[in-house]
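These notes are about the structure you will find just below.
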């Protein structure tokens, strides 16, 4: 039988025979040869293969249902049916042959489209019959391929030493289905087994290439090449500047060589790697008793060039008798040549490296001065934090010892444990609450000082330090921090029948504390006062008639008592209205009454079926006997509404029905 390749590809009778043949193939061969195009008509020998045009390598992978082709690559198509079709009669088309797509040709070397996705290639093998041709029909046979763009590896590299025999390479965002290889210069390709690794480098190499090829494709390789220039010779780093700024150390250094890595060391131990290209670095909570240096190294750790050390300077400044006294401490470890003393941003004097104190007598009482010490070395400078001091005539007062308590309105009251403030003296407080920035309060001339730091709790404790300022402006050193007791309360069960309390001990204002737990009503009147110990207590018998339980802790040490905040626990209002009652004078359920807990005042309204109010009560003493305007009501169903405002200001509403029985 002949296969005629006419304008429509096959004749109607031919299509019928091929369709029957295809059904037999599906029954006998399962999914070995699947129909891809709707006009496919092929026998069991239908076959063509795809080869790489440049290498001649077969691109089909045994056992892989869909062959991967590389976008833009050149391929060769070869019939493998074994039917000895004349090559000039074998035609191929990208996509399925149709009346609108008849671009069949006998070219077997084709270019894969550049767009990734699915590609269908259809083989048309008409058989004109006659001498020298195989028997049987021609075939239309299609295969589905996956087109992928070539992998485009991206990578970074880092130098290893100066011999250039090794290099560290990091493949960025590696794909799981791509296998990578590294080639340094003209050296051999080296497989990539992990994203970051060290590879052998060929002497004289000036480029690095990373190749990527899909694991499920024979040939679809992409490559990225980057220059591998000869790095500059490593130079010992120079730590030029160290500045103390509060709890932070600020470092400044000469430009870092980008080919190498740098670490900051504290007392010879590495603490952090410096960002490439940086010239400054901030170290939070840096230790003032340690010394620091930079160390140049590389990705493989084969280089080690340290800088000279710099050590921080810690400065203290006080004033007495019309003079300002400076003293400073610097740990040993840097070769200091001298110390420069600056006042108000100008160099005041220079003292030898053995000097650690200085008295500034050229000052004016009441004036404020800023001081800074600069330790100078051959390689860099170390600057202290700036200290501010106000020149005083007399001796500064002793640092104040504070007492902190919380009033009933939850404001904080701070006073001093020593004598009262003298004439013209002022107490200036600094407030600390959790991790928030400290707040400096205005100086006060009257005690106690009141403050409103917000709600206090064991998780949010307001603490205070203070300085005393005399009438000349002489400021004492800052006293120790003092904190009030704080109290927390929460229900220990769902109904609040037990309350778990915990508290913090007052700090910085005494020892040997004893405690009393005070229960208050809504007007802060004392309901109960009982001794407690430790820092926790379980109240198993709170007042039953109080919806909101309010507690306060009294802490006593050496005859002095301070108080905590008020901690409150709000309990749920419970309303119970019977759904039926029987006012028949039998002594059982003769009246309807509202039951529950924490019911002080409310509006309880009963309506008949027409919505007419038949009863209204406002407290639990008011009950309904089933009479409407003095007449006993007949058995029926009434509706009710309960409405109240609880102690927390929340509105409580409940609706329902009541059945009157006889």
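Structure values in brief
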quantity	calculated
Count - residues of region 214-257 that are free of Cβ contacts under 8 Å to residues at least 40 places away in the same chain, within 30 Å of residue 153 (Cα to Cα) and surrounded by fewer than 16 Cβ atoms within 10 Å (Cβ to Cβ)	5
Unmet criterion (only one of (1) modelled with pLDDT of 95 or more; (2) over 28 Å from residue 368 (Cβ atoms); (3) crowded, with 16+ Cβ neighbours inside 10 Å) for residue 339	(2)
Verdict on residue 456 being crowded, with 18+ Cβ neighbours inside 10 Å, in contact (Cβ under 8 Å) with a residue 24 or more places away in the chain and either under 34 Å from the mean Cα position of the chain (by Cα) or under 30 Å from residue 501 (Cα atoms) (or both)	yes
All positions within region 442-476 that are assigned to a loop (DSSP other than H, G, I, E, B) and within 25 Å of residue 324 (Cα to Cα)	442, 443, 470, 471, 472, 473, 474, 476
All positions within region 168-191 that are touching a residue at least 24 places away in the same chain (Cβ under 8 Å), under 37 Å from the mean Cα position of the chain (by Cα) and not in a loop (DSSP other than H, G, I, E, B)	168, 169, 170, 171, 178, 179, 180, 181, 182
Restricting region 346-386 to residues that are assigned to a loop (DSSP other than H, G, I, E, B) and within 20 Å of residue 251 (Cα to Cα), the residue that is farthest from the chain's Cα centre (by Cα)	378
Number of positions in region 512-540 that are part of a loop (DSSP other than H, G, I, E, B), touching a strand residue (DSSP E or B) at 6+ places or on another chain (Cβ under 8 Å) and within 18 Å of residue 492 (Cα to Cα)	1
Conditions (1) modelled with pLDDT of 95 or more; (2) over 31 Å from the mean Cα position of the chain (by Cα): number failed by residue 496	(1)
Tally, over region 493-504, of residues that are outside any strand (DSSP E or B) and surrounded by fewer than 17 Cβ atoms within 10 Å (Cβ to Cβ)	5
Identity of the residue in region 147-164, part of a loop (DSSP other than H, G, I, E, B) and modelled with pLDDT of 95 or more, that ends up farthest from residue 196 (Cα to Cα)	149
Output for region 545-560, where each listed residue is surrounded by 16 or more Cβ atoms within 10 Å (Cβ to Cβ) and part of a strand (DSSP E or B)	548, 549, 550, 551, 552, 553, 554, 555, 557
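The values are calculated or read from the model by the stated rules, or taken from the named source; none is laboratory data. Owing to the predicted nature of the structure, the values given are computational and were not obtained by experimental measurement. No Cβ is skipped: glycine too gets one built from the backbone with ideal geometry, and neighbour counts run over all protein chains shown.
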